Amino acid sequence: MNTYSDSFGNRYTTPQIERRIKKAALEKLEQQFLGHGYNFCQSCFRNDCKPIDVSHTISRKQAKEDGCVEVLWDLENLEILGRECHKIKDKLNIHGTQIQH
Ligand SMILES: [Zn+2]
């Protein structure tokens, strides 16, 4: 199975990467929830921009190519987006992660 490197030279398989991403995405949602009492789209702030996805600023493809997969589970690289804004972002060719809630 292919493995991908992080910036420190550790290697991860895709399932290992996906597990970490999922955990980070849940943590991101939980942080927002604890701070605000609810989850919302960080792009438009409308509470009807749903369902909520967690999107990557630096995409999986990019991080794997660049050998810095640790950014995929860095909360700073995650953005909470509603479906509409996520679609707009993807149209701009920034590929996001689609973890749905
Ligand atoms: Zn939105």
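Here are the numbers for the structure shown:
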| quantity | calculated |
| --- | --- |
| Number of positions in region 5-45 that are among the aliphatic types (A, V, I, L, M), in contact with a Lys or Arg (Cβ under 9 Å, 6 or more places away or on another chain) and more than 13 Å from C68 (Cα to Cα) | 1 |
| Pair list, Cβ < 8 Å and 6+ apart or interchain, from region 26-51 residues that are within 17 Å of C85 (Cβ to Cβ) and among the basic types (K, R) to residues that are within 16 Å of the ligand (Cβ to nearest atom) and part of a helix (DSSP H, G or I) | K50/R83 |
| Residue satisfying condition, being more than 23 Å from L92 (Cβ to Cβ), crowded, with 16+ Cβ neighbours inside 10 Å and of a type in the set (V, I, T), within set I58, I52, I21, I17 | I17 |
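Read-outs: derived from the displayed coordinates by stated rules, not from any lab. Since this is a predicted model, take the numbers as computed values, not measurements. In this analysis, Cβ positions are derived from the backbone assuming ideal geometry, glycine residues included, and neighbour counts consider all displayed protein chains.
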